[in-house]
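I have placed the structure first, in the form of structure tokens, so that the comments after it can refer back to it.
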Amino acid sequence: MVLIRILPSWAIPEREVTPPSVYYNRRRFLKGAIAAGIGATLLPTLGCQDRSISSAKLASGTKPLEASPNPQFTDAGRPLTAEAIASRYNNFYEFGGTKSIWQAAQALPTENWKVEVGGLVKNPRTYDLDDLRRKFPQEERIYRFRCVEAWAMVVPWIGFPMRSLLADVEPTDRAKFVRFTSYYDSQVTPGPGFHLGSLPWPYTEGLRIEEMANDLAFFATGIYGHTLPKQHGAPIRMVIPWKYGFKGAKSIVKIEFLAERPATFWNTLVPSEYGFEANVNPNKPHPRWSQATERIVSDGPAISWERQPTLPYNGYGESVAALYTG
Ligand code: MTE
């Protein structure tokens, strides 16, 4: 089917998943860290000071962001991924079909950003970034991140739980689903260079309202101690740690509360591969990737693509499994 061929980077063989730029940036990060006097023993598990070093070097166009760590989410059970890696290995199809879109993504215009929230709510609102930061206390949460392509990272997000927004807009009883829409302007976000027919832009994702109300569902406005760089979905994106990464739409401009399940980007393109629910599940193979294990994009001095067993719900089952009984 033609549609499947328009997903080249998700289809690349595992041996090709690490582009040279990742190796290059890892070496650059290690060189920078060594020059800054960080002992090699500290490198595998990056602490706060390591984060700020990598941030200073890499996060152009971002600003420091104050946030208190949420004590429930300070340890993801794995070392934090170096920012040098996380910020150079991205999926943002509006800016291209490879992992190396970070430079192209700098074209995203983030000034005067507004997020319109409406549909089946008592209090429709349009927030700007200041409103969001003022209304919803920002906290830091370290979450495991799992892509459907079977790679995984650990990322320190800053932002606020989605349920705070629910409390502000008050969905009506008829609201059962939520659609999240990403920024799209064909002049700015040309998409991948492999257009075969039209992709269903803008990028949209959806949740059941109970999923959005779960404490883990998060809006990120920052990462690694500063505002989000554009390639991560500035200035605000979704983070749903128990689901595959494609559920976390970037650069959100609109949130709509609906009675019916919305159509979403990947699910519309290839429903057999990208389900609406998309919970991380080691026992449910993707047609092109086993999900039994995952590759940790790791931070050790040696380049390693260590594999670990995939955890059901990405290890967050205790908090979310009850959403899926029945
Ligand atoms: N959001 C938009 N708007 N466009 C995208 O292409 N890619 C998704 C998700 N959100 C995507 C998106 C996928 S497939 C993944 S794995 C994550 O973003 C990657 O997030 P990261 O690049 O910040 O690690």
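Give me the net charge for the shell around Lys243: Cβ to Cβ below 10 angstrom, other residues only, Lys and Arg +1, Asp and Glu -1.
-1
Using a Cα-Cα cut-off of under 13 Å, which aspartates and glutamates could be cross-linked to Lys114, ignoring same-chain neighbours fewer than 8 residues away?
Asp128, Asp130, Asp131
I want the local charge near Ser68. Using Cβ-Cβ distances under 11 Å, sum +1 for each Lys or Arg and -1 for each Asp or Glu among the other residues.
Local net charge: -2.
Average projected area of the Cα convex hull of the stretch 87-232, in nm²?
About 9.6 nm², averaged over all directions.
So between Ser60 and Gln187, what do we pick up on full extension, going 0.36 nm a residue minus the alpha carbon distance?
Value of the extension gain: 43.4 nm.
Please report, in Å, the Rg and the Dmax of the stretch 189-291, where both are computed over Cα atoms only.
Computed over the Cα atoms of the stretch 189-291, radius of gyration and Dmax are 14.6, 40 Å.
Can you send over the carbon and sulfur percentage of the accessible area for the stretch 225-304, probe radius 1.4 Å, protein chains only?
So the carbon and sulfur contribution to the accessible surface is 55 percent.
Going highest first, how would you order 152-163, 115-126 by mean Cβ packing within 10 Å?
Most protected by this proxy first, the peptides run 152-163, 115-126.
For a label point 7 angstrom out from the Cα of Arg125 toward its Cβ, which stretches of the stretch 157-183 have the backbone nitrogen within less than 12 Å?
163-171
Gain in length, Glu260 to Glu318, computed as 0.36 nm per residue apart minus the alpha-carbon separation, to one decimal in nm?
Fully extending the segment from Glu260 to Glu318 adds 18.1 nm.
Given the peptides 318-324, 94-100, 79-85, arrange them by the average over their residues of other C-beta atoms within 10 Å, most packed first.
79-85, 94-100, 318-324
What distance in nm lies between label points placed 7 Å from Cα along the C-beta direction at Thr74 and Glu277?
A separation of 3.5 nm, rounded to one decimal place.
Tally Lys and Arg at +1 and Asp and Glu at -1 over the other residues with C-beta under 9 Å from the C-beta of Ala152: what net charge comes out?
Taking every other residue near Ala152 into account, the sum is +3.
How would you order 282-290, 211-219 from highest to lowest mean count of nearby Cβ atoms within 10 Å?
211-219, 282-290
The values are calculated or read from the model by the stated rules, or taken from the named source; none is laboratory data. Since the structure is predicted, the reported quantities are computational estimates derived from the model, not experimental observations. For neighbour counting, all protein chains shown are included, and Cβ atoms are generated from backbone atoms with ideal geometry for every residue, glycine included. Surface accessibility is based on the protein's heavy atoms, side chains included, excluding ligands, DNA and RNA. Shrake-Rupley method; radii C 1.70, N 1.55, O 1.52, S 1.80 Å.
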